[in-house]
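The values are calculated or read from the model by the stated rules, or taken from the named source; none is laboratory data. All values reported here derive from a predicted model rather than from experimental measurement. Methodologically, a virtual Cβ is constructed for each residue, glycine included, from the backbone with ideal geometry; neighbour enumeration extends over all protein chains shown.
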Amino acid sequence: MTQRPALAVAAPPQSLIPPCVMGTAFSTSQNDCVVLRHMAHAQVPATPLSSVADCQLGVMLCRFRAVFSVTLNGYDNLAVECLAPLGRVWQHQEASSFIVVQEVDVCGAPSRLAALSLAFVRDCFLGCGVETLQEACARSQWSVGREELQTWFI
């Protein structure tokens, strides 16, 4: 019987603004949420996704909280957000080729988490016509609960 390594989770420093707040407030929506717009970042190169190493792809997608669609059964799409390279929360030799994602849902609803392979993630982006790292890291408008913003800004 093979024994798996223990799951080690490190908490981020509380003095840093979370990456999910990388946007400009655009408007307010129902359920007491603030709608944010993506802030373009010059530091993301327009490198073709096919030539970006898995490790770099995972780090960049998670740093900018990229969002993409996953087809569940060939018909239904589910939007997911990149959170962290799996290797940051699970020390295992195969973890470097996976990222942790969460379901993007209505503001305030609980999210489901999953670990997806970077090869699959790259294929999802390419399948949607996203061909560069810069395009993959850009995200459409999204909602953040006002209470979450107040935690960091008040």
* **First in the stretch 44-70 and modelled with pLDDT under 95 and crowded, with 16+ Cβ neighbours inside 10 Å, second anywhere and part of a loop (DSSP other than H, G, I, E, B) and among the aromatic types (Phe, Trp, Tyr), Cβ under 7 Å, 6 or more apart** => Val44/Phe64
* Here are some conditions: (1) in contact with an Asp or Glu (Cβ under 8 Å, 6 or more places away or on another chain); (2) among the small types (Gly, Ala, Ser); (3) part of a strand (DSSP E or B). Ser111 meets all but one. Which one does it not meet? -> (3)
* To do: State all residues of the stretch 42-78 that are part of a helix (DSSP H, G or I) and not hydrophobic (A, V, I, L, M, F, W, C); if no residue qualifies, say none.
  => Ser50, Ser51, Asp54, Gln56, Gly58, Arg63
* Asked: On the given criteria, is Leu83 buried (at least 17 other Cβ atoms within 10 Å of the Cβ) and without any contact (Cβ under 8 Å) to a residue 60 or more places away in the chain?
  -> yes
* Residue by residue through the stretch 121-143, note down the ones that are of a type in the set (A, V, I, L, M, F, W, C), under 14 Å from the mean Cα position of the chain (by Cα) and either closer than 17 Å to Gly23 by Cβ or surrounded by fewer than 17 Cβ atoms within 10 Å (Cβ to Cβ) (or both). => Ala136, Cys137, Ala138, Trp142
